[in-house]
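Data first, discussion second: the structure below is written as structure tokens.
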Amino acid sequence: MEQHRILIIEDDRKIASLLAETLRKYHYNVRTADDFDRILEAEAEFSPHLILLDINLPSYDGYYWCRQLRQRTTVPILFISARSGEMDQVFALENGGDDFITKPFNYEIVLAKIRSHLRRSFGEYAPKMEERTVRLGRLELYPERMELHAHGQEIPLQKKECVILELLLSESPKVVTRERFLEELWDDQAFVDENTLNVNMTRVRKKLADYGIRSQIETVRGAGYRFIAAPEEA
């Protein structure tokens, strides 16, 4: 049985170490964040099932990082903080958190909350839903996993890359308008620079090329983009 992976984002080394040591005793696979400017990279590399996140962190606070993490993962995020005010708990939940644990905490309570959230997300209480799949020829996209399968490879995707490919594959060979991409990718289009979509599209094209996928994302001037499947992948 696979060990559940837990990422601890806590800048108090002593607390992080004690938490990690306790969780490992209960057979969790634990990693602690070391570079608090590269939290998204740490999440991508470790792909945790659950995240423990402090509020008071260097550079940016936990609320900021929770919002960033929510753009790429739906796993439970539990805030751990010495702050105990009602508004702190409200901000934590409104910024994407699933629970709030105040310091100093009882480790049995921490473990109980972790077990509860893992059961709901991955265990016996998890919703039994058929996984969505978007297929185009020999290309298979799994949005819930954020993976593209092609040529025997499982290609990991970031959330925006996944949204872009889902739109393109499901509509191919029709054109997907720039307006629709903006609606699906960003909540408030008014604050999105026009070049931002181009940058994201370039990243997707590069990822496809890096993995040897010959299908192309074609720019249709004045309209949007469409996906053209290569003969060997159609």
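Just the residues that are in contact (Cβ under 8 Å) with a residue 24 or more places away in the chain and either of a type in the set (A, V, I, L, M, F, W, C) or open to solvent by 30 Å² or more (accessible area, probe 1.4 Å) (or both), please, taken from the stretch 75-87. Break it down stepwise before answering.
The first filter runs over the stretch 75-87 and keeps only residues in contact (Cβ under 8 Å) with a residue 24 or more places away in the chain, leaving 75-83.
Listed by number, the residues that qualify are Val75, Ile77, Leu78, Phe79, Ile80, Ala82, Arg83.
What do you reckon, is Glu41 over 24 Å from Pro143 (Cα atoms) and without any contact (Cβ under 8 Å) to a residue 12 or more places away in the chain? Before the answer, list the steps.
Working: over 24 Å from Pro143 (Cα atoms): no; without any contact (Cβ under 8 Å) to a residue 12 or more places away in the chain: yes.
The answer is no for Glu41.
In the stretch 146-156, the count of residues that are surrounded by fewer than 15 Cβ atoms within 10 Å (Cβ to Cβ) and assigned to a loop (DSSP other than H, G, I, E, B) is one or more. Return a yes/no flag: does the stretch 35-44 have any residue that is modelled with pLDDT under 90 and outside any loop (DSSP other than H, G, I, E, B). Checking the stretch 35-44: at least one residue is modelled with pLDDT under 90 and outside any loop (DSSP other than H, G, I, E, B).
How about the stretch 29-47: which of its residues are out of contact with any strand residue (DSSP E or B) (no Cβ under 7 Å at 6 or more places or on another chain), within 24 Å of Glu147 (Cα to Cα) and open to solvent by less than 60 Å² (accessible area, probe 1.4 Å)? Within the stretch 29-47, Leu40, Ala44 qualify.
The values are calculated or read from the model by the stated rules, or taken from the named source; none is laboratory data. Treat the numbers as computed from the prediction; the structure is a model and nothing was measured. Here the Cβ is made from the backbone with ideal geometry for all residues, glycine too, and neighbour counts use every protein chain on show. SASA here: full protein model, heavy atoms, side chains in, ligands and nucleic acids out. Shrake-Rupley method; radii C 1.70, N 1.55, O 1.52, S 1.80 Å.
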